[in-house]
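Peer 1: This is the structure I want to talk about, given as structure tokens.
The values are calculated or read from the model by the stated rules, or taken from the named source; none is laboratory data. Because the structure is a prediction, the values reported are computed rather than measured. Here Cβ is always computed from backbone atoms with ideal geometry, including for glycine, and neighbour counts include all displayed protein chains.
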Amino acid sequence: MNMKLRALGFVLATAVFALAQEPAAAPAAEPAATEAVATEAAAENVPADASAGEAAAEPAPVEQAAPAETAEAPVAQAAEPQAAPEEPVAQAAEPAAPVAEPEEYGDMPAPVAVRGVDASARPYYDEAPAKQKKEPKSSRPTSDLVPMKFTFGGQGFLGTNTLYANDWDSDEAYNGVAWKAGLFAIFPLNEYWMGFKIGILFDHSDASASYLYGPNLNKEMSVKFKQDRISVPLLFTLKSPYSSFTVDFGAQVSIPVQDEFGFLKNDNEDDMNWEWYDMMDQYRTSPDFALLLGLTIKANRYMSFDIRYEFGFSKLYEGLPNGWRFNALTANTLLLGLSFYAF
């Protein structure tokens, strides 16, 4: 009887032990599901029932029965939960910038969305548009090139004439009017900036003043000079490639045609009281030379304004009788003129 009871108790103990192992293995196999159910139940604030309490209390006896040697290893292996693979967290896609419609914004850039700021309340521009950068001005002239080309035409001058003593021992001078008229031609020496100018002009000049004479130069009389010459100026002309303003320099040779000297016999300046002498016969040197410097400002294609200064360095008269101080006279002339071009 005792043996039967012992055998029956052993069988029941074995059955209880076997039943106690099944609930312990189930939570180990599905931990994620149990945690999800528990979380969902807590979120819905559902009270636990009696069966849930019994199910939650069942794992405690399993831990007490664990010392059995035969089932220790399988229980440990079954109780270890396997780590669930981590699911990749999808990164939030950045919002694409809105595309500006031409009808709404025109040529302006579309507004950029900023987190926490209402895009509709923002202006189209956060900052004032940048000013356009001005290009630096070039120092190079922007006008068209002005070529040096062959041309010819006519010109006339009007100015002042001065006869003075070039021996530096006297301040004697005779002043009057001079005028010139004639033809000229320009020959280019290169394409833009240098040329050669030649002319042939009829030159007339007057000069008059009071002439002092006597032992102590205490007497005076009025004297006049009248000269006609054929002048040939030979000039180099320089200019900028972008300008019609030219500088002329060179020399002039003049051939006298007529030269008269007169003095007033008394105080009455009637023409009948003037006594004239022809200086060409004995006293006038031929030819005479001068240095020239001039400026030309072209007003348009067919006309220009001219300024010319003639500095004479030749003596006009030689061999005058003793007592006459005209042997050292030379001429300087300042002229303003107009030139007209054929093309």
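Peer 1: For region 227-258: of the residues being closer than 18 Å to Leu335 by Cβ and charged (D, E, K, R), which is surrounded by the fewest Cβ atoms within 10 Å (Cβ to Cβ)?
Peer 2: Asp228
Peer 1: Ile200: among the β-branched types (Val, Ile, Thr) and either within 30 Å of Asn273 (Cα to Cα) or crowded, with 17+ Cβ neighbours inside 10 Å (or both), yes or no?
Peer 2: no
Peer 1: Within region 266-288, is there a residue that is under 18 Å from Phe157 (Cβ atoms), surrounded by 14 or more Cβ atoms within 10 Å (Cβ to Cβ) and touching a Gly at 6+ places or on another chain (Cβ under 7 Å)? Working first, answer last.
Peer 2: Residues of region 266-288 under 18 Å from Phe157 (Cβ atoms): 288.
Now narrow it down to the ones that are surrounded by 14 or more Cβ atoms within 10 Å (Cβ to Cβ): 288.
Now narrow it down to the ones that are touching a Gly at 6+ places or on another chain (Cβ under 7 Å): 288.
Checked against the condition, which is being under 18 Å from Phe157 (Cβ atoms), surrounded by 14 or more Cβ atoms within 10 Å (Cβ to Cβ) and touching a Gly at 6+ places or on another chain (Cβ under 7 Å), region 266-288 yields at least one hit.
Peer 1: If I filter region 206-223 down to residues being modelled with pLDDT of 85 or more and polar (S, T, N, Q), which single residue comes out as nearest to Trp274 (Cα to Cα)?
Peer 2: Among those that are modelled with pLDDT of 85 or more and polar (S, T, N, Q), it is Ser222.
Peer 1: May I pose another question? Looking only at residues in region 280-329 that are among the β-branched types (Val, Ile, Thr) and within 29 Å of Val146 (Cβ to Cβ), which one is farthest from the chain's Cα centre (by Cα)?
Peer 2: Ile307
Peer 1: Please count how many residues of region 180-206 are touching a residue at least 60 places away in the same chain (Cβ under 8 Å) and under 19 Å from Phe261 (Cα atoms).
Peer 2: Residues meeting the conditions: 1.
Peer 1: Kindly indicate whether Asp248 is touching a residue at least 12 places away in the same chain (Cβ under 8 Å), within 30 Å of Tyr192 (Cβ to Cβ), among the acidic types (Asp, Glu) and touching a Leu at 6+ places or on another chain (Cβ under 8 Å). So that I can check it myself, show each step before the final result.
Peer 2: Details: touching a residue at least 12 places away in the same chain (Cβ under 8 Å): yes; within 30 Å of Tyr192 (Cβ to Cβ): yes; among the acidic types (Asp, Glu): yes; touching a Leu at 6+ places or on another chain (Cβ under 8 Å): yes.
The answer is yes for Asp248.
Peer 1: Hey, another quick one. Restricted to region 183-210, and to residues that are in a strand (DSSP E or B) and among the acidic types (Asp, Glu), which residue is farthest from Glu172 (Cα to Cα)? Steps first, please.
Peer 2: Applying the first criterion (in a strand (DSSP E or B)) to region 183-210 yields 183-188, 194-210.
Then drop every residue that is not among the acidic types (Asp, Glu), which leaves 203, 206.
Values: Asp203: 23, Asp206: 16 Å.
Filtering first and then ranking leaves Asp203.
Peer 1: Quick test for you: out of Asp228, Asp271, Asp203, Asp248, pick the one residue that is over 60 Å from the mean Cα position of the chain (by Cα) and either of a type outside the set (Phe, Trp, Tyr) or modelled with pLDDT of 95 or more (or both).
Peer 2: On the way: Asp228 fails: over 60 Å from the mean Cα position of the chain (by Cα); Asp203 fails: over 60 Å from the mean Cα position of the chain (by Cα); Asp248 fails: over 60 Å from the mean Cα position of the chain (by Cα).
Unique residue meeting the criteria: Asp271.
Peer 1: Between Leu334, Leu338, which is modelled with pLDDT of 95 or more and under 27 Å from Lys149 (Cα atoms)?
Peer 2: Working: Leu334 fails: under 27 Å from Lys149 (Cα atoms).
Selected residue: Leu338, the only one of Leu334, Leu338 that is modelled with pLDDT of 95 or more and under 27 Å from Lys149 (Cα atoms).
Peer 1: Please enumerate the residues belonging to region 303-323 that are in contact (Cβ under 8 Å) with a residue 60 or more places away in the chain and of a type in the set (Phe, Trp, Tyr).
Peer 2: Across region 303-323, the qualifying residue is only Phe313.
Here's the yes/no breakdown for (1) in a strand (DSSP E or B); (2) within 19 Å of Asp228 (Cβ to Cβ):
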position: Met272; (1), (2): no, no
position: Glu275; (1), (2): yes, no
position: Asp281; (1), (2): no, yes
position: Asn300; (1), (2): no, no
position: Ile307; (1), (2): yes, no
position: Asn322; (1), (2): no, no
position: Asn327; (1), (2): no, no
position: Ala331; (1), (2): yes, yes
position: Phe343; (1), (2): no, no
